[in-house]
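Chemist: Please read through the structure below; I'll follow up with questions.
The values are calculated or read from the model by the stated rules, or taken from the named source; none is laboratory data. None of these values were measured; they are calculated from a predicted model. Glycine also receives a Cβ, built like all others from the backbone with ideal geometry; neighbour counts cover every protein chain displayed.
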Amino acid sequence: MCGRFVSTVSSPELEVLFFARHPDKHLDPNYNVAPSGEVYGVIATETSAARQVEVLRWGLELSWSRRDPTSPTPINARIETVDIKPAFAEAFAHRRCIIPADGFFEWQGAGTKSKRRPMYIYRSDGSPIFMAGLWSRSSSNNRPSFAILTTEANTFMSKIHGRMPAVLQVAACDDWLSAENFDPKHLKEIAISGSKDSLDAHYVDAKVGNPRHRGPDLISPVPAGTLWDG
């Protein structure tokens, strides 16, 4: 799964990269995006082929959650079943998005989170990770929300966790957003087109587990064993 990530890519950068319109709201860099947090995402506009940088809330609002506010809002969707799960099938067909990230966090090891070691995972070349996502818009307050697609871990990630975000190649991003793509098999191939790209990782401070911490120190390397001995 993907439960925390870093989002510092600015709206102007995304506007240039995707020839996209700017959002209505400014967001500060966040080095510890947690569920219910807001980030920049890139979506296709509903009236044209243009792209839009949109502020999205993490946790996909489902149709039945509009009737029951206590319903869970999923933060992830498995790529293997996204086209057949009632919760995700419509969004997968019509409302796909791109979630830019500097990198993401995962906890290595077994047992409770307090016994596992947090790691920061990022591209070897330092470039942004473009995660494949789904989005929806609330009928009650018009607020857009999203979930990140996950896939089976690649060889590198399998040493840390069994799942990872579905990562798009930059060249595949336009096809991922295109309303002309309907074939589920092709869309799934696009969604994981960058999932085998070279990644690096290092241990980080356990305070990343607290979403109140959002500063750049969260991605600073911590030697293995520093915080977990004994």
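Chemist: Residues that are assigned to a loop (DSSP other than H, G, I, E, B) and either among the acidic types (Asp, Glu) or farther than 19 Å from Ile190 by Cβ (or both): does the stretch 88-98 have at least one?
Modeler: no
Chemist: Restricting attention to the stretch 14-28, which residues are over 20 Å from Asp174 (Cβ atoms) and in contact (Cβ under 8 Å) with a residue 24 or more places away in the chain?
Modeler: Listed by number, the residues that qualify are Asp24, Lys25, Leu27.
Chemist: Right, here's the next one. Could you please let me know if Arg214 is farther than 16 Å from Val42 by Cβ, surrounded by fewer than 20 Cβ atoms within 10 Å (Cβ to Cβ), touching a residue at least 40 places away in the same chain (Cβ under 8 Å) and within 16 Å of the chain's Cα centre (by Cα)?
Modeler: no
Chemist: So which residues in the stretch 150-172 are under 14 Å from Val42 (Cβ atoms) and within 14 Å of the chain's Cα centre (by Cα)?
Modeler: Result: Leu168, single match.
Chemist: Within the stretch 106-117, is even one residue crowded, with 20+ Cβ neighbours inside 10 Å and under 14 Å from the mean Cα position of the chain (by Cα)?
Modeler: For the stretch 106-117, residues crowded, with 20+ Cβ neighbours inside 10 Å and under 14 Å from the mean Cα position of the chain (by Cα): present.
Chemist: Picking from Ala179, Ala171, Ala153, Ala191, which residue would you name as being without any contact (Cβ under 8 Å) to a residue 60 or more places away in the chain, aliphatic (A, V, I, L, M) and within 30 Å of Pro86 (Cβ to Cβ)?
Modeler: Of Ala179, Ala171, Ala153, Ala191, the one residue that is without any contact (Cβ under 8 Å) to a residue 60 or more places away in the chain, aliphatic (A, V, I, L, M) and within 30 Å of Pro86 (Cβ to Cβ) is Ala153.
Chemist: May I ask you to list the residues in the stretch 1-24 that are in a strand (DSSP E or B) and over 16 Å from the mean Cα position of the chain (by Cα)?
Modeler: Result: Ala20, Arg21.
Chemist: Can you tell me how many residues in the stretch 78-101 are touching a Phe, Trp or Tyr at 6+ places or on another chain (Cβ under 7 Å) and either within 26 Å of Glu13 (Cβ to Cβ) or without any contact (Cβ under 8 Å) to a residue 60 or more places away in the chain (or both)?
Modeler: 8
Chemist: Return the total of residues in the stretch 189-202 being modelled with pLDDT of 95 or more and surrounded by fewer than 19 Cβ atoms within 10 Å (Cβ to Cβ).
Modeler: The qualifying residues number 3.
Chemist: Continuing with the same structure: If I ask for residues that are in contact with a strand residue (DSSP E or B) (Cβ under 7 Å, 6 or more places away or on another chain) and of a type in the set (A, V, I, L, M, F, W, C), which ones from the stretch 18-52 would you list?
Modeler: The answer is Phe18, Phe19, Ala20, Leu27, Val33, Ala34, Val39, Val42, Ile43, Ala44, Ala50.
Chemist: Restricting to the stretch 53-81, and then to whatever is among the hydrophobic types (A, V, I, L, M, F, W, C), within 18 Å of Pro144 (Cβ to Cβ) and at pLDDT 95 or above, can you tell me which residue is surrounded by the fewest Cβ atoms within 10 Å (Cβ to Cβ)?
Modeler: Only one residue tops the list, namely Val55.
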